[in-house]
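All remarks here apply to the structure that follows.
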Amino acid sequence: MSGSGAEGRVRFIGVVEGAGEVSRIRLFPGFCEGLDRLGDFSHAIVLYWFHLRDSEEERRILRVLPRRHPGAPRVGVFASRSPSRPNPIGLCVVGLVELEGCILRVRGLDAVEGSPIIDIKPYLPRAESVPDARVPGWALQGPPSYV
């Protein structure tokens, strides 16, 4: 499979219906049961599809200038959070505000209205937090990407 360009299949589980300080995510009925006990967590990881960047042209972009980081150099797309990438998948840690039925209200989502949701995972500080992680100086500039 190495270098083969193999393809997989992604099934969207919901959609962003309201984007703002507190965003609304609606899961499709067949996936609502998967939210059971998510409310026990304060934060979650949301994976979503950059649907406005899903074109062959955008998928071919391999070097970008990180726009939200003043003074950043041009870098490879895999060294950035750019929405232009071979697979336009976004990832965001959000604060869980409310969970009611198939609707999640979250704080800190950087997806736009209409973004398809790929997956939701609980945020586990023990697993996701790396206190001594190394990043280049330019990545310390710009808005935070967490809640």
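Coordinate-derived values only; no laboratory data. Predicted, not measured: the structure shown is a model, and the values here were computed from it. With ideal geometry, Cβ positions are generated from the backbone for all residues, glycine too; neighbour counts draw on all protein chains shown.
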**Item:** Amide H within-cut-off set for I89, under 5 Å, with H built and near neighbours excluded
**Value:** F50
**Prompt:** In percent, how large is the relative contact order of the chain, given Cα pairs closer than 8 Å and 6 or more residues apart?
**Reply:** 35
**Request:** Return the loop-located trypsin sites (Lys or Arg not before Pro) in the range 47-147 (DSSP other than H, G, I, E, B) with at most 14 other Cβ atoms within 10 Å of their own Cβ; answer none if there are none.
**Result:** R60, R67, R68, R74, R134
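Starting from the range 1-39, pick out the trypsin sites (Lys or Arg not before Pro) whose DSSP state is loop and whose Cβ has at most 10 other Cβ atoms within 10 Å.
Numbers: sites: R9, R11, R24, R26, R37; in loops: R9, R11, R37.
Taking the range 1-39 and a limit of 10 other Cβ atoms within 10 Å, the loop trypsin sites (Lys or Arg not before Pro) found are R9, R11, R37.
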**Prompt:** Where does the longest stretch of the chain lie that holds no GluC sites (Glu not before Pro) found in a DSSP loop with 12 or fewer other Cβ atoms within 10 Å?
**Reply:** 22-112
**Asked** Pick the calculated Kirkwood radius over Cα pairs in Å for this structure from (i) 17.4; (ii) 15.5; (iii) 16.7?
**Response** (iii)
**Message:** No partner Cβ under 4.7 angstrom, meaning no disulfide-compatible partner by this rule: which Cys of the chain qualify?
**Reply:** C92
**Prompt:** What is the spin-label model distance, in nm, from L124 to V10 if the labels are put 7 Å beyond Cα along the C-beta direction?
**Reply:** 2.3
